[in-house]
Amino acid sequence: MACLSLSQLQKFQEDGFLVLEGFFSADECVAMQQRIGEIVAKMDVPVHCRTEFSTQEEEQLRAQGSTDYFLSSGDKIRFFFEKGVFDKKGNFLVPPEKSINKIGHALHAHDPVFKRVTHSPKVQALARSLGLQMPMVVQSMYIFKQPRFGGEVSPHQDASFLYTEPLGRVLGLWIAVEDATLENGCLWFIPGSHTSGVSRRMVRAPAGSAPGTCFLGSEPARDNSLFVPTPVQRGALVLIHGEVVHRSEQNLSNRSRQAYTFHLMEASGTIWSPENWLQPTAELPFPPLYT
């Protein structure tokens, strides 16, 4: 099963990320792609919900924070789009399947294919070998990184959005559904950057106030030369510590870079911040990973 060796555990603790090539089979990746194709083919996006997804701070606040569509997506399957794919009236300028940035944030709960991947025995074995006692699945996303369209994701820490006390209780599992290369926007990390806390936090504003979220603190300027590219092949799983700094560049190639990613929280002795944008709901409490 998918147990980590001592040297792998040590490398993860030192770097804050770890690549596990060949974790999922080609067949498992194809099943995810086929399923996401079906979901996209059926998507019905009301015009007022046509949210462009952006990672630049002001646009994030304007586009996401001001919209309930994003803030209430934690327990649903919802669609977020690239910049420049709608006209002023909210009509698609490019085919819908080429315009989508990501689907979030509860594929793991509502879709049988993604539920199976998320709770697969090898993922559970991996979590156990990391010493997780009570891991909960807090969110999931399918990221498209469209050819020539897929926008860059600026440097960030996942714990800025998924904050816990104490820190160090959130873990991202990022699955390459397609090859992630230098050309199509693979992940880049600053090794060892997970040890100095969180520089900014996105917090939910009091109900009814606009915008719906705001940032506390700010991302410091970071030297580009600190980032290490992490190209991986289809089926690889990348473990991402909640505080490691990472980014990805725009996809300028003509091949997409699809990925399925989800986040676990060690719930034992952990407080999930009540200020996080994402909150468990009565309809969907955070499901335990172990089945």
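All of the numbers you see were taken from the coordinates with simple rules; none came from a lab. Since this is a predicted model, take the numbers as computed values, not measurements. Glycine gets a Cβ as well: all are built from the backbone with ideal geometry, and neighbour counts include every protein chain shown.
Numbers at a glance
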quantity: Straight-distance crosslink candidates among lysines, where the alpha carbon sits under 30 Å from LYS83 and sequence neighbours closer than 8 are dropped; calculated: LYS42, LYS98, LYS102, LYS115, LYS145
quantity: Square roots of 5 times each gyration tensor eigenvalue, C-alpha, the chain, largest first, Å; calculated: 26, 22, 20
quantity: Positive-end residue, the chain charge dipole about Cα centroid, Cβ charges, pick of HIS241, PHE215, GLY37; calculated: GLY37
quantity: Rounded Å value of the spacing that divides the Cα centres of the stretch 84-159 and the stretch 216-291; calculated: 9 Å
quantity: Projected label distance in nm at LEU167 and LYS76, using a 7 Å step from Cα toward the beta-carbon; calculated: 3.3 nm
quantity: Efficiency of FRET between ASP68 and GLN250 - r from beta-carbon atoms, R0 30 angstrom, step 0.05; calculated: 0.55
quantity: Charged-residue dipole, Cβ positions (Lys, Arg, Asp, Glu), the chain about Cα centre, Debye nearest 20; calculated: 400 debye
quantity: Base-10 log of normalised Debye intensity for the stretch 189-284 (one unit scatterer per alpha-carbon) at q = 0.10, 0.25 Å⁻¹; calculated: -0.42, -1.41
quantity: Pairwise FRET efficiency - ASP44 versus ASN224, Cβ, R0 = 45 Å, nearest 0.05; calculated: 0.65
quantity: Kyte-Doolittle at least -1.0, axis length at least 20 Å by Cα - qualifying DSSP helices, the chain; calculated: 26-42
quantity: Neighbour-limited loop hits for trypsin sites (Lys or Arg not before Pro), the stretch 85-142 (at most 14 other Cβ within 10 Å; DSSP other than H, G, I, E, B); calculated: LYS88, LYS89
